[in-house]
Amino acid sequence: MSGAGISLLETLARVRGPWRGLQFGDLGNPRPIAQPLPPDREQALRDRLTPVLTQLNAKRDAAFRQAENDLRLKAGGAALAGLVLGWTMGGPLVALALMVLGAGFVILLLAGKVQEAPRAAAKHAILKVMAPVLHRLSSVAPGSRAAALPVGRIEGWRLFGPIHRIEVDDRLTGQRDGYDVAASRLGLQFGNRGNRNAEAGAGLCFIVAEITAPDAPDDLTDAITIVVAQDAAAQSLDAPRLTHRLAVSPTGDADFDARYRVYGDAGPLGPAARAAFAELEKVTRANPTATLELPAGTGLRPWAVIRPGRLVVLTPLALFNGALEPPLMPQPLTADALIPAFAADLAILDDHLTAALHLMKGFSR
């Protein structure tokens, strides 16, 4: 894709490694493939996905060439501005230094940004093919994800303090056993009017599983039950009380209350519902600092928001865990590499939905 000559974008992509945003992306750690797809199913996906990847690669090739030209023009303009400024300030040495600094700053600033839209488009196109086939789920387009989880809705969970930034990196929707379901990879950064910095590696990330019954009321002002894991950071553990004025409500189950803190109405958490949290714990993977992914069942415990006919389960997710990541431009998208990786990551999201459904059904037992 790079064409003739030295490519600035390709060189930087190799030096910087995999794509990395503020909370999502890849640190380069290989992700395990727990259970490969059967050969016949993988071939069926390859037949569907290969034409899509062919079109994507053509679009990425054109986007890469355009981005490379734009980057060269902007870097050249910054270098010229630095040269003129440096010459007026201190002569040729200062001019040379500012020329290099100006060009380098522009390259580093823009090189990552030009990868964002092609990355999002590739993820959605791949998921659009694979998710319905493997799990009867549909991928929500990048431009529509934010509308599904706006700040008002997330604040309505009464789990967090002031939210500054929301990123919905992936969202899948569908139906299971008569319920509407959704699975999202959600990143949050916090702050108020006096402190609104968005920093790479800051905030919290979750896999969010939402289960909604067909008769769920639209009025969300009624009773609410919030369950926060006792292994959460202190500010998260206390946020429902300090920010939203909710009272702690022990369930009376000593083992459960040692693992979770309940706010609001503890009534829905009967024996079957409390036992169902064991299924949620089996799919946890984030280490205590949410910076590394652990084997399933050994990570930070999940949180839950329970309302009549509605359940939201938030399982802490390790930052930059590399899930559902296509390669950077100018690397080509290939079915042989993407199908096993995306299938394994989709299976994890499906496991979260299955565990959340188990809890939802526990409320009626």
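The values are calculated or read from the model by the stated rules, or taken from the named source; none is laboratory data. Note that the structure is a prediction, hence the values are computed from the model and not measured. Glycine gets a Cβ as well: all are built from the backbone with ideal geometry, and neighbour counts include every protein chain shown.
Residue-level check: of (1) assigned to a strand (DSSP E or B); (2) of a type outside the set (Ser, Thr, Tyr); (3) more than 21 Å from Ala120 (Cα to Cα), Glu167 misses just (3). Among residues of the stretch 249-275 that are closer than 22 Å to Leu357 by Cβ, those with a beta-carbon under 7 Å from a residue that is among the acidic types (Asp, Glu) at least six positions away or on a different chain give the pairs Thr251/Asp257; Arg274/Asp253.
Of all the criteria given as (1) within 17 Å of the chain's Cα centre (by Cα); (2) of a type in the set (A, V, I, L, M, F, W, C); (3) at pLDDT 95 or above, the one not satisfied by Ala356 is (1).
Being within 18 Å of the chain's Cα centre (by Cα), in a strand (DSSP E or B), among the hydroxyl-bearing types (Ser, Thr, Tyr) and at pLDDT 90 or above is the requirement here; does Ser138 meet it? When the stated conditions are applied, Ser138 passes them. Considering the stretch 212-245, the residues that are surrounded by 19 or more Cβ atoms within 10 Å (Cβ to Cβ) and touching a Lys or Arg at 6+ places or on another chain (Cβ under 7 Å) include one that is farthest from Glu155 (Cα to Cα), namely Ala229.
The residues on offer are Leu314, Leu292, and the sole one that is closer than 19 Å to Ala183 by Cβ, of a type in the set (A, V, I, L, M, F, W, C) and in contact with a strand residue (DSSP E or B) (Cβ under 9 Å, 6 or more places away or on another chain) is Leu314. Taken together, the residues in the stretch 138-188 that are β-branched (Val, Ile, Thr), in contact with a Ser or Thr (Cβ under 8 Å, 6 or more places away or on another chain) and under 19 Å from Val305 (Cα atoms) amount to 3.
Just one of the listed residues (Leu353, Leu333, Leu349, Leu280) is touching a Pro at 6+ places or on another chain (Cβ under 7 Å) and in a helix (DSSP H, G or I), and it is Leu280.
If you go through the stretch 304-318 and keep only what is over 16 Å from Gln230 (Cβ atoms) and either out of contact with any Cys (no Cβ under 8 Å at 6 or more places or on another chain) or surrounded by fewer than 24 Cβ atoms within 10 Å (Cβ to Cβ) (or both), you end up with Val305, Ile306, Arg307, Pro308, Gly309, Arg310, Leu311, Val312, Val313, Ala318.
Scanning the stretch 1-51 for residues that are in a loop (DSSP other than H, G, I, E, B), among the hydroxyl-bearing types (Ser, Thr, Tyr) and at pLDDT 70 or above yields a single hit, Ser7.
Across the stretch 52-81, the qualifying residues are those that are modelled with pLDDT of 80 or more and of a type in the set (A, V, I, L, M), and the one among them that is surrounded by the most Cβ atoms within 10 Å (Cβ to Cβ) is Leu53. Only one of the listed residues (Pro162, Pro132, Pro150) is farther than 30 Å from His244 by Cβ, surrounded by fewer than 20 Cβ atoms within 10 Å (Cβ to Cβ) and not small (Gly, Ala, Ser). That residue is Pro132.
The rows are residues; the columns are (1) at pLDDT below 95; (2) more than 30 Å from Pro132 (Cβ to Cβ); (3) not assigned by TED's automatic domain parsing to the domain that holds Val283.
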{"position": "Val151", "(1), (2), (3)": "yes, no, no"}
{"position": "Gln175", "(1), (2), (3)": "no, no, no"}
{"position": "Gln189", "(1), (2), (3)": "yes, yes, no"}
{"position": "Asn192", "(1), (2), (3)": "yes, yes, no"}
{"position": "Ala198", "(1), (2), (3)": "yes, yes, no"}
{"position": "Ala209", "(1), (2), (3)": "no, no, no"}
{"position": "Thr212", "(1), (2), (3)": "no, no, no"}
{"position": "Asp219", "(1), (2), (3)": "yes, yes, no"}
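Do we have Pro250 as in a loop (DSSP other than H, G, I, E, B), closer than 18 Å to Phe206 by Cβ and assigned by TED's automatic domain parsing to the domain that holds Ile163 here? Answer is no for this residue.
Test Thr298 against the stated conditions and say whether it is of a type in the set (Ser, Thr, Tyr) and either at pLDDT below 95 or surrounded by 17 or more Cβ atoms within 10 Å (Cβ to Cβ) (or both). In short, no. Do the conditions hold for Pro240, that is, is it in a loop (DSSP other than H, G, I, E, B), more than 24 Å from Ile348 (Cβ to Cβ) and not polar (S, T, N, Q)? For Pro240, the condition - in a loop (DSSP other than H, G, I, E, B), more than 24 Å from Ile348 (Cβ to Cβ) and not polar (S, T, N, Q) - is not met. Scanning the stretch 284-329 for residues that are within 30 Å of Pro214 (Cβ to Cβ) and either of a type in the set (Phe, Trp, Tyr) or assigned to a strand (DSSP E or B) (or both) gives Trp303, Ala304, Val305, Ile306, Arg307, Arg310, Leu311, Val312, Val313, Leu314, Thr315, Pro316.
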